[in-house]
Amino acid sequence: MGLIAVTVLHESGIPIYKKFKRGRERPIEPLIAAILGLANEVGLGDIAHASFERAGLVVLRGIHEKDLLLSLLVDKVSYQSYIKGVYLINKIEKNIGKLPDYVTDEVISITRNIVEEFFEKLDKIPSVFGDAFLSAAEKFGPMFYGSLVLLLYREFGEDPLLTMIRDPKKFIKALDNLLGVESTNQFFVFFVKHICDFHYEVCQKLGIVTVRDFTYNLLNNIRERSKRDAIIIFRDIIERGIDVILSRINN
């Protein structure tokens, strides 16, 4: 879905950098601050996303730097929105390093450069995860995809791919409970194989020699490590993979 704006800000509410598509600028920071404040006030935790009549809002928090917030204003919230946000916030975190207690010129400059470099490219990211998920599900039979998606919708209350990107450990645990560990492993072997078949350069970048070995190792790491570590692993894979896809598109 189309990207309307990117806003990066400090937990304190201080804006770091904001970019809108031409002619669509809005004061978005007060909305984000109000939603976060209300959620904290009533004990709801962080906001993940919100849908409005004319747009959707996705909010991501840094995994290394919790005070770093990134929001995407999009035409409609989708798993592709999350992928765009994960890609950007991972790059910003890595380049900023330790986030100061206040917003410095260096933090603003680094953030501005990354957002300006990738803003127009983000809508070019293909539906890699959606295509791979469908392909993997179809390997289990023609009725399996619909049944699996329905069960996962009931489990998460949202598009399952949103949960997979936001909390891979929770997603894998749910699949293990539904399918069993071995079937979950096989499902993701098909998932990764589809990506390698259609985006071979991505698998090269990730160092995938044997799809089965890579997949089993990845899933075991997600199962055994903390939620935070699982998110770090998954975000890094998303960033590295999109780097390859975007470089191929631009060339």
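The values are calculated or read from the model by the stated rules, or taken from the named source; none is laboratory data. Note that the coordinates shown come from a computational prediction; the quantities given were computed from them, not determined experimentally. Glycine gets a Cβ as well: all are built from the backbone with ideal geometry, and neighbour counts include every protein chain shown. Just so you know, the surface numbers come from the protein's heavy atoms only, side chains and all, with ligands and any DNA or RNA stripped out. Shrake-Rupley method; radii C 1.70, N 1.55, O 1.52, S 1.80 Å.
Numerical summary
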quantity	calculated
Output for the range 93-106, where each listed residue is out of contact with any Leu (no Cβ under 7 Å at 6 or more places or on another chain) and open to solvent by less than 90 Å² (accessible area, probe 1.4 Å)	96, 97, 100, 103, 104
Residue identified as closer than 19 Å to residue 95 by Cα, at pLDDT 85 or above, in contact with a helix residue (DSSP H, G or I) (Cβ under 6 Å, 6 or more places away or on another chain) and assigned to a strand (DSSP E or B) among 16, 63	16
Subset of the range 226-249 that is of a type in the set (A, V, I, L, M, F, W, C) and farther than 20 Å from residue 95 by Cα - its residue that is surrounded by the most Cβ atoms within 10 Å (Cβ to Cβ)	230
Residue 197 vs. criteria surrounded by fewer than 13 Cβ atoms within 10 Å (Cβ to Cβ) and part of a helix (DSSP H, G or I)	yes
Qualifying residue in the range 68-78 (condition: modelled with pLDDT of 70 or more, surrounded by 14 or more Cβ atoms within 10 Å (Cβ to Cβ), over 23 Å from residue 95 (Cβ atoms) and touching a Lys or Arg at 6+ places or on another chain (Cβ under 6 Å))	no
Criterion violated by residue 192 - all others in (1) hydrophobic (A, V, I, L, M, F, W, C); (2) in contact (Cβ under 8 Å) with a residue 60 or more places away in the chain; (3) open to solvent by 70 Å² or more (accessible area, probe 1.4 Å) satisfied	(3)
Selection count, the range 137-157, where residues are farther than 16 Å from residue 194 by Cβ, surrounded by fewer than 16 Cβ atoms within 10 Å (Cβ to Cβ) and aromatic (Phe, Trp, Tyr)	1
Residues located in the range 107-122, provided they are open to solvent by less than 30 Å² (accessible area, probe 1.4 Å) and among the polar types (S, T, N, Q)	111
Qualifying residue in the range 125-133 (condition: at pLDDT 90 or above and touching a Phe, Trp or Tyr at 6+ places or on another chain (Cβ under 6 Å))	yes
Condition met for residue 86 (surrounded by 19 or more Cβ atoms within 10 Å (Cβ to Cβ) and either out of contact with any helix residue (DSSP H, G or I) (no Cβ under 6 Å at 6 or more places or on another chain) or assigned to a helix (DSSP H, G or I) (or both))	yes
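For (1) free of Cβ contacts under 8 Å to residues at least 24 places away in the same chain; (2) open to solvent by less than 20 Å² (accessible area, probe 1.4 Å); (3) among the hydroxyl-bearing types (Ser, Thr, Tyr), each residue gets a yes or a no:
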| residue | (1), (2), (3) |
| --- | --- |
| 159 | no, no, no |
| 162 | no, yes, no |
| 175 | yes, yes, no |
| 181 | yes, no, no |
| 211 | yes, no, no |
| 214 | yes, no, no |
| 220 | yes, no, no |
| 224 | yes, no, no |
